[in-house]
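A short write-up of the structure that comes next.
Read-outs: derived from the displayed coordinates by stated rules, not from any lab. Predicted model, so just to flag it, every value in this text is computed and none were measured. Glycine gets a Cβ as well: all are built from the backbone with ideal geometry, and neighbour counts include every protein chain shown.
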Amino acid sequence: MRSDNFTKSEIKNFGVGTDTVGYGGHDGYIYLGNGSQVYAYTKPMDFWTGRSDIVYAPITAQNKKLLAATMVHETGHAYSQKLGLFDVQLKTDSSEHLAMAKLQHVYADKNLISRTERLYSSFYWRPSVINRLYNNLDSISRSIVFNRFMFYGK
């Protein structure tokens with residue numbers, strides 16, 4: 001799916017290595033060992049290649065809409081690692097996860113996924129939850145992602 005939407009150069013620029021399907025539990029989710037079940041996870045960046053591999057749960061790979069949204073989220077992890085924002089905690093209230101939660105809504109708007117569908121989805125965070133968690137971050141955590149000046153090449 002990724003190669004249908006992005007060039008090899010774009011994939012490299014996002015810091016994504018390979019996309020693979022991992023082994024899931026009986027329900028199709030991947031279990032990380034701490035009791036949490038996930039749609040996918042991004043491996044730590046390989047410092048030789050500068051890329052992060054992404055592993056998807058079988059349940060994610062079977063649903064194109066979920067796979068696309070999960071791909072956006074996990075690409076955010078890969079890209080943040082490439083930028084050196086190593087806030088890769090499993091906690092979902094990290095500044096990195098809040099930035100990606102907002103990115104997922106941008107993706108949903110661009111792909112005409114209705115607010116009603118998002119509201120009933122377990123994947124998209126409600127904007128009120130994002131705002132509440134953001135307001136609870138300390139000022140240093142807010143600056144890591146949200147108030148950063150980004151350099152980019154043409």
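Miscellaneous remarks
- Local net charge near LYS110, Cβ-Cβ under 15 Å (Lys/Arg +1, Asp/Glu -1): +2
- Counting Lys and Arg as +1 and Asp and Glu as -1 over every other residue whose Cβ lies under 14 Å from the Cβ of ASP53, the net charge comes to +2.
- ARG2 versus ASN136: modelled label distance in nm, points set 7 Å from Cα along the beta carbon direction: 3.2
- Highest to lowest packing among 118-130, 25-37, scored as the average C-beta count within 10 Å: 118-130, 25-37
- Stretching ASP27 away from LYS110 to a fully extended chain increases their span by 26.8 nm, per 0.36 nm per residue minus the current alpha-carbon distance.
- Translational diffusion of the range 2-145 was estimated from the Stokes-Einstein equation, with Rh taken as the Kirkwood radius over Cα pairs; at 37 °C and 0.692 mPa s the coefficient is 207 µm²/s.
- Inter-label distance, nm, simple model (7 Å from Cα along the C-beta direction), PHE14/ALA68: 1.3
- FRET efficiency, GLU117 to TRP48 (Cβ-Cβ, R0 41 Å, nearest 0.05): 0.50
- Sum of side-chain charges, LEU66 neighbourhood, beta-carbon under 13 Å (Lys, Arg +1; Asp, Glu -1): +1
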